[in-house]
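Quick one: the structure is below, and I'll ask about it shortly.
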Amino acid sequence: MNDIDFLREPSDKRLRKEIKNICDSYSHPWDVLAELCQNSVDAIIIYNKTYGEMGKKDHKITINVDAKKRSLKIADTGIGFKSDNFAELLAPHGTDKSGEGDIIGEKGVGLTYTIFTSNFYQIKTKSIDADIEGNIRNAATWKNGLSDEHPFFNITKWDKNHNDCNETYTEIYLEDIEKVFQEKEDIFYQNINVLEYILRTKTAIGYLKDAFKEGGLNISINFIFNDIQGKIHEINFIHPKYMLPDNFITSSNIINLIEFKETAATLDDRQKARQLQGKSLIHIGSEQRAGRKINYYVFFAPSRKLWKDISEKNNIVTVDENGERYNLYESGIFVASKGMPTGIKIEPPIAGFSGYWPNFFMILEDDSIVFDLGRKSIPGRTKGMLREIAGSLFQEFVPYIKYVTVDPAVIGGTISTVQQYEKNKIFEELRQLPNLPQSVLDKISYLKNPDGQEAAIVALFHELIGSNILKGYYTLKTGYKQTYDLWGIYRIKMDMVGSKFKGLADVYGNIEIPLIIEYKFKAEDILKDFEDNIKYFIDVDLIVCWDLDEIKFAKQNVKVELLPKEEVFFFGSNYRLIWPGAYNLGTAGEKPVLALRKFIQDYSLQE
């Protein structure tokens, strides 16, 4: 019998689940548009890096949206698809991007998501080595289990050529895109002003580096929209810049906070009020935190009514099926990375004068952020750091708020309203987190992927134990004031451990040992514990985490291995960490890891 290449021959059932999980990780109505725009911008950035002065192009991206056909077409003058890895790039997690520098994409799921959200997907591309054209049909239908016909890329043109680098391009066309959102959210039911707003605040077209004086996108953006009534609208040149609030206000009504502070000491209260009242304050800069540069843009509106005025005067308004209007331009703390807006908002920190948070528009850019699939959340520690920065920036404005604002003063009773506002924002973000697989949700009450918090790992671990998905773990004592996170008993049947450990069973086939567990959101956080206290590390029997980063372990010469089935002692454990012999730890130099993300994924594939 021939060996089975199980990695290269996944079943249709497994592939469908994997692709459905990828698609389910996206939750915004603009995600398809955002992924296509990101790929086009990256393709042009890579082109410029690759060909430099050889490339003489005036780069251009053309976007067509047809509401009746539910279709999108985006064409760019970027580097194109090469023939040697074309199939791999279309497959889940296939990418030729490193994620380093100013390249935005890295996870290799964007193309997969866009393919399987439509029922007709066409690519036309020219690279320096090939001209390729073809299409994929009924991918969304197959993903949803409504067809057993496996999607293929149907080649209509495959010519190996030596093309001039100035001729390269890519055109991607999607038709019959799934309808999964209500009309007030669905991009195909919006007006052209809303679509420009989405392009310039939710996608890579809204490039932010220009706002921080770090260079812009030298790309011409054309946009054509055939609306739901069949009327064609066109914007011949969309500025490839973020749609900032100061774009809508005359410069005479905007005051630079830092410049004003330099003269404020010489002014009395009446003079300050005369200069500031009714004006908008702005502060742009950067600071170093945790070894990384955080760019910030802060805008304080003299009245919260400004956001409504911007929305209504520029028709950045969506309408539901009952005719109710919703203004889209809003205040908030927004996250960006590598010049690209992410669409992620973070809740403001609690602070004095919190009632003025709705007057603030902040963008915090951190180029080192590592996102989850779908870019819906950021690690908890990063979010905490950004909230802290937002709070510090807020405090810089506080001394001048009373001179600027024309909103009613914050009075008693407002705090409860602000707290409700903050709670609603938090719940909105939580609802956007990816769901755990349905096979797990059917058995536990923990609904979402953990969002960077170690406490979430504790809760999820115990939910999985309570539902009998995880077996053998019994708690004696737990708590963060102890030396260790969990003291317990591991009691398991012999047939539930790997063959290597069956000799540990008693005459009745049972294994029982004392157990110490250390919880981490990311397993690599154990590295600091190891550096601080070797005894602490040696005593830990099992690390329970959400996920791990092999690269971070490798930088400390720690090897990460998948656990073979025969060497699994702790139920559900799936990795082991191996410290180099130079540490003289003996057998304690190996630590098993139970990574809950992988455990849950594997469990859902078996169900």
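The values are calculated or read from the model by the stated rules, or taken from the named source; none is laboratory data. Just so we're clear, the structure is a prediction, and the values are computed from it rather than from any experiment. Don't worry about glycine lacking a Cβ; one is built from the backbone with ideal geometry, like all the others, and counts go over all protein chains shown.
Filter the range 310-326 down to the residues that are in contact (Cβ under 8 Å) with a residue 60 or more places away in the chain and in a strand (DSSP E or B), then identify the one that is farthest from residue 243 (Cα to Cα).
Checking each candidate, the answer is 319.
Within the range 432-476, which residues are part of a helix (DSSP H, G or I) and in contact with an Asp or Glu (Cβ under 6 Å, 6 or more places away or on another chain)?
439
When you go through 286, 337 one by one, which is the residue that is under 30 Å from residue 380 (Cβ atoms) and touching a Lys or Arg at 6+ places or on another chain (Cβ under 8 Å)?
Just a single option satisfies the conditions, and that option is 286.
Then there's this: Hey, does the range 282-292 have a residue that's within 14 Å of residue 402 (Cα to Cα) and outside any loop (DSSP other than H, G, I, E, B)?
No.
Follow-up. Of 174, 208, which residue is touching a Gly at 6+ places or on another chain (Cβ under 6 Å) and surrounded by 22 or more Cβ atoms within 10 Å (Cβ to Cβ)?
208
Is it true that residue 149 is among the charged types (D, E, K, R) and modelled with pLDDT under 90?
yes
Which pairs have Cβ atoms under 6 Å, sit 6 or more apart or on different chains, and link a residue in the range 548-562 that is at pLDDT below 85 to one that is surrounded by 13 or more Cβ atoms within 10 Å (Cβ to Cβ)?
556/527
Every residue in the range 132-148 that is closer than 24 Å to residue 51 by Cα and surrounded by fewer than 17 Cβ atoms within 10 Å (Cβ to Cβ), please.
Across the range 132-148, the qualifying residue is only 133.
Show me the strands (runs of 3 or more DSSP E) found entirely inside the range 209-278 where at least 1 residues are not assigned by TED's automatic domain parsing to the domain that holds residue 307 and not hydroxyl-bearing (Ser, Thr, Tyr).
It comes to 220-226, 232-238.
Next question. From 90, 111, which residue is within 30 Å of residue 236 (Cβ to Cβ), crowded, with 18+ Cβ neighbours inside 10 Å and at pLDDT below 95?
111
Hey, among the residues in the range 478-515 that are in a strand (DSSP E or B) and surrounded by fewer than 16 Cβ atoms within 10 Å (Cβ to Cβ), which one's modelled with the lowest pLDDT?
478
Return the residues of the range 229-253 that are touching a Phe, Trp or Tyr at 6+ places or on another chain (Cβ under 8 Å), exposed (fewer than 15 other Cβ atoms within 10 Å of the Cβ) and among the β-branched types (Val, Ile, Thr); say none if nothing qualifies.
232
In this structure, does residue 523 turn out to be buried (at least 19 other Cβ atoms within 10 Å of the Cβ) and touching a Pro at 6+ places or on another chain (Cβ under 7 Å)?
It is false that residue 523 is buried (at least 19 other Cβ atoms within 10 Å of the Cβ) and touching a Pro at 6+ places or on another chain (Cβ under 7 Å).
Within the range 5-47, how many residues are at pLDDT 80 or above, of a type outside the set (A, V, I, L, M) and either outside the structural domain of residue 179 (by TED's automatic domain parsing) or within 15 Å of residue 170 (Cβ to Cβ) (or both)?
7
Out of all the residues in the range 122-131, is one or more without any contact (Cβ under 8 Å) to a residue 40 or more places away in the chain, touching an Asp or Glu at 6+ places or on another chain (Cβ under 9 Å) and surrounded by fewer than 21 Cβ atoms within 10 Å (Cβ to Cβ)?
The answer is yes; a qualifying residue exists.
I'd like to verify a number: residues in the range 126-174 that are small (Gly, Ala, Ser) and in contact with a Pro (Cβ under 6 Å, 6 or more places away or on another chain), how many?
Residues flagged as small (Gly, Ala, Ser) and in contact with a Pro (Cβ under 6 Å, 6 or more places away or on another chain) within the range 126-174 amount to 1.
Pairs only if they're at least six apart or on different chains, beta carbon under 8 angstrom, first in the range 34-45 and more than 15 Å from residue 115 (Cβ to Cβ), second in a helix (DSSP H, G or I) and of a type in the set (A, V, I, L, M); list them, first residue then second.
37/199
While we're here: Answer yes or no: is there a residue in the range 198-210 that is touching a residue at least 40 places away in the same chain (Cβ under 8 Å) and farther than 24 Å from residue 44 by Cβ.
Checked the range 198-210: no residue is touching a residue at least 40 places away in the same chain (Cβ under 8 Å) and farther than 24 Å from residue 44 by Cβ.
With (1) outside any helix (DSSP H, G or I); (2) over 26 Å from the mean Cα position of the chain (by Cα); (3) surrounded by fewer than 20 Cβ atoms within 10 Å (Cβ to Cβ) as the list, and residue 166 as the residue in question, which single condition is left unmet?
Residue 166 satisfies all of (1) outside any helix (DSSP H, G or I); (2) over 26 Å from the mean Cα position of the chain (by Cα); (3) surrounded by fewer than 20 Cβ atoms within 10 Å (Cβ to Cβ) except (1).
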